[in-house]
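The values are calculated or read from the model by the stated rules, or taken from the named source; none is laboratory data. Treat the numbers as computed from the prediction; the structure is a model and nothing was measured. Cβ placement follows ideal geometry from the backbone for every residue including glycine, while neighbour counts extend to all protein chains displayed. Surface areas here come from the heavy atoms of the whole protein model, side chains and all, with no ligands, DNA or RNA. Shrake-Rupley method; radii C 1.70, N 1.55, O 1.52, S 1.80 Å.
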Amino acid sequence: MSTTPPVPTTNPETEDTAPVKERKLTRLEKRAIATKGRLTSPWASLTAVILAILWTIPTVGLLVTSFRPEIDIRRSGWWTVIPGIFTGETEFTLDNYDQALYGSGTGLSEVFINTFVITIPAVIIPITVALLAAYGFAWIEFPGRNLLFVAVFALQVVPIQVTLVPLLTNYNNWGMAGSFWAVWLSHSIFALPLAVFLLHNFMKDIPRSLVEAARVDGAGHVKIFFRVLFPLLVPAIAAFGIFQFLWVWNDLLVGLTFAAPEYRPLTVAVAELAGTRGGDWHILTAGAFISMIVPLIVFLLLQRYFVRGMLAGAVKG
């Protein structure tokens, strides 16, 4: 049984030291110590470095290929540019990106803007609705609350493919088929179960004494939510916001099913490039990197908020 070492205490009169009673470590503390030991071992660090290199190689290859002339792409692999960099024989060009963004058969610049128009509301809408729902489940007593929360949580296991035909039928009946609203609502519907579950768990970790103290001071639900809970929920909101942004930006199924051709996102356009211009590798590589550059930047810049929000408690600094 692991125990903490005795801590000596000093008597101010006799200057004698005596060990205090030993405290047993809790199960959570034991697991934390064991996990920290495994993660800080040299073998774990070496494994992480190897996995990071293997994970990065395809991205580096895609980036290098996207800047190579078409004839060089067909003649040799991307790794051959490494010796040419030192000898000055390697040639790079921006023509691939120019053709992918503004070419007559591609025109990814327009769908690039469409993707932003789709992604931003599809992140804001579910977060707003989920915050209100999570507050109700966590702090408002009403009949059937637990049963309803379990039902919302169970919706996470429903495959998206099952809902495509019913949603598309309703959108046609409502006159929304093919519009941005159809895509926004679909992404919001699919994201709400996870959002409510995640934000509810964070709200339940907040000490009840804070909410009760606010109620004693005369605060209502609105003031409690915005003054007490909302500042503590920022890590959870950031975590889900990043997760939802990456998922919506990289989504193909929803955009392909519900968006009209003039409202198609970037993933649909790149998929069409692969189908219609399968031999134009110089355009495909540029288009693929254009589609992944934004989520890559978002994740690299905000990954610490994502990890903190997914692993830490709402009131843990």
Averaged per residue, what accessible surface does region 35-183 expose to a 1.4 Å probe, in Å²? 64
Explain nothing, just the number: relative contact order of region 133-228, from Cα pairs under 8 Å at least 6 residues apart, as a whole percent. 40
For a paramagnetic label modelled at 7 Å from the Cα of Arg145 toward its Cβ, which residues of region 214-254 fall within the zone defined by backbone nitrogen distances under 18 Å? 214-216, 219-226, 228-230
Correct semi-axes for region 63-182, from √(5λ) of the alpha-carbon gyration tensor and rounded to whole Å with the largest first, are 49, 21, 14
Can you list residues from other chains, or at least 5 along the same chain, whose modelled amide H is less than 5 Å from the amide H of Gly178? Ala260
I need the peptides 200-206, 77-83, 51-57 ranked by packing, meaning the mean over residues of other C-beta atoms within 10 angstrom, with the highest value on top. 200-206, 77-83, 51-57
For Ser76, what accessible area in Å² do you get when you roll a 1.4 Å probe over the heavy atoms of the protein chains, rounding to the nearest 10? 40
Would you please classify the overall shape of region 143-214 from the alpha carbon gyration tensor, given that a ≥ b ≥ c denote the square roots of the eigenvalues, rounded means a/c under 1.5, and beyond that prolate means a/b larger than b/c while oblate covers the rest? prolate
Hey, what's region 197-254 come to in accessible area per residue, 1.4 Å probe, Å²? 49
Counting only protein heavy atoms and using a 1.4 Å probe, what share of the accessible area of region 186-277 belongs to carbon plus sulfur, as a whole percent? 64
May I ask for the net charge around Thr257, where only other residues with Cβ less than 13 Å from the Cβ of Thr257 are counted and Lys, Arg are +1 while Asp, Glu are -1? 0
